[in-house]
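Before any comments, here is the structure.
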Amino acid sequence: MALLLLIGKIHICIRGKGNFFMVKNAVISIIYQKENEENRGSVEFQVFSFTTKIRRLTSHLELHKKDFSSQRGLRKILGKRQQLLTYLSKRNRGRYKELIDELGIREIKTR
């Protein structure tokens, strides 16, 4: 097991009344080294990469609220991740719950 720890720079921007903090690449995650090297096409790896992109875009949009093209990209990535999670939950419920716990994504209740 390998521990991947990425800590980026914190950008502080002062606008109007308050301070805005933007953290880039601040992700602490555990990835199995085997999955990272061999299984880049696996559902788990794809969900992990989408989650990383979502967190990065979310921190970007907290600073740039009117960046509509980034909002559109975020919605597209959210939809792709949701499709993959739905596929994984139907195929293998155990792997799905394990992935949800690892990434800290809450499970969306279906009807």
* Can you confirm whether segment 29-43 contains a residue that is in a loop (DSSP other than H, G, I, E, B), modelled with pLDDT under 90 and touching a strand residue (DSSP E or B) at 6+ places or on another chain (Cβ under 9 Å)? => yes
* **Matching residues, segment 38-74, being surrounded by 13 or more Cβ atoms within 10 Å (Cβ to Cβ), among the charged types (D, E, K, R) and within 19 Å of GLY104 (Cβ to Cβ)** => GLU44, LYS53, ARG55, ARG56
* To do: Scan segment 87-95 and give yes if some residue there is aliphatic (A, V, I, L, M) and under 18 Å from ARG40 (Cα atoms), otherwise no.
  => yes
* To do: Kindly list, by first and then second residue, each pair from a residue in segment 39-55 that is without any contact (Cβ under 8 Å) to a residue 40 or more places away in the chain to a residue that is buried (at least 16 other Cβ atoms within 10 Å of the Cβ) and of a type in the set (D, E, K, R), limited to pairs with Cβ atoms under 6 Å and residues at least 6 apart or on different chains.
  => PHE50/ARG81
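The values are calculated or read from the model by the stated rules, or taken from the named source; none is laboratory data. Bear in mind that the values here come from a model prediction, so they are computed numbers and not experimental data. Heads up, the Cβs are rebuilt from the backbone with ideal geometry, glycines too, and the neighbour counts pull from every protein chain shown.
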